[in-house]
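> First the structure, then my questions, so here it is.
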Amino acid sequence: MDADSDVALDILITNVVCVFRTRCHLNLRKIALEGANVIYKRDVGKVLMKLRKPRITATIWSSGKIICTGATSEEEAKFGARRLARSLQKL
């Protein structure tokens, strides 16, 4: 690239991933039966839960590890993770 050429880059963040852990084991069967917007993948041993606002998909493992994908910013990822943790507390 030449030093004379001014090229503007437009950076667009489309996917922010966050990982957190609950400090206990989770009963995936109960989450699948009583939770909303849940897909239970028994052969893999995980539950997929989708939130509408913010638009996040969470992968929940029985060990308590949760991976949230689909957020567009760090703030949105944090807010979605907190909403997810609160819904798991209620279950």
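The values are calculated or read from the model by the stated rules, or taken from the named source; none is laboratory data. The shown structure was predicted, so the numbers you read here are calculated from the model rather than taken from an experiment. Methodologically, a virtual Cβ is constructed for each residue, glycine included, from the backbone with ideal geometry; neighbour enumeration extends over all protein chains shown. The protein model used for the area step is the full one, side chains on, heavy atoms only, and it has no ligands, DNA or RNA in it. Shrake-Rupley method; radii C 1.70, N 1.55, O 1.52, S 1.80 Å.
> Need the full-extension length gain, Gln89 to Thr72, defined as separation in residues times 0.36 nm minus the C-alpha distance. One decimal, nm. Each step should come with its number before you reach the end.
Values: separation 17, 0.36 × 17 = 6.12 nm, distance 2.49 nm.
This chain segment gains 3.6 nm when fully extended.
> If you work out Cα Rg over 2.2 N^0.38 Å from the coordinates, which of [x] 1.25; [y] 1.42; [z] 1.33 do you get?
Label [y] holds the value from this structure.
> Also, I was wondering about something else. Hey, any idea what % of the chain's accessible area is carbon plus sulfur with a 1.4 Å probe?
C and S atoms contribute 50 percent here.
> Follow-up question, since we're still on this one. Roughly what angle does helix 74-90 make with the longest principal axis of the chain, taking Cα atoms, 0 to 90 degrees, to the nearest 10?
With both axes taken from Cα atoms, the answer is about 0 degrees.
> Give me the net charge of Tyr40's neighbourhood, meaning all other residues with Cβ under 12 Å from the Cβ of Tyr40; Lys, Arg count +1, Asp, Glu -1.
Net local charge, Tyr40 excluded: +3.
> A follow-up question, please. Over the heavy atoms of Phe79, what accessible area does a 1.4 Å probe trace out, to the nearest 10 Å²?
Here the residue's solvent-accessible area equals roughly 110 Å².
> Place +1 on the Cβ of every Lys and Arg and -1 on the Cβ of every Asp and Glu in the chain, take the dipole about the Cα centre, and give the residue among Gly35, Pro54, Ser73 whose Cα lies farthest towards its positive end.
Farthest along the dipole direction, towards plus: Gly35.
> Tell me the mean residue ellipticity at 222 nm calculated for the chain from its helices only (DSSP H runs of n ≥ 4, each -39500 (n - 2.57), averaged over every residue, nearest 500).
Using -39500 (n - 2.57) per qualifying helix, the result is -8000 deg cm²/dmol.
> Still on this structure, please answer the following. Please compute the modelled spin-label separation between Arg21 and Lys50, points set 7 Å along Cα→Cβ, answer in nm with one decimal.
Here the modelled spin labels are 3.0 nm apart.
> For segment 16-90, what is the relative contact order in percent, using Cα pairs closer than 8 Å and at least 6 residues apart in sequence?
Computed value for segment 16-90: 34 percent relative contact order.
> Ok, one more. Taking all pairs of distinct Cα atoms, average 1/r, flip it, and tell me the Kirkwood hydrodynamic radius of segment 38-87 in Å to one decimal place.
Details: mean 1/r = 0.0909 Å⁻¹.
Its Kirkwood hydrodynamic radius stands at 11.0 Å.
> Keeping every protein chain present and rolling a 1.4 Å probe, give me the accessible area per residue for the chain in Å².
Accessible surface, normalised per residue, equals 78 Å².
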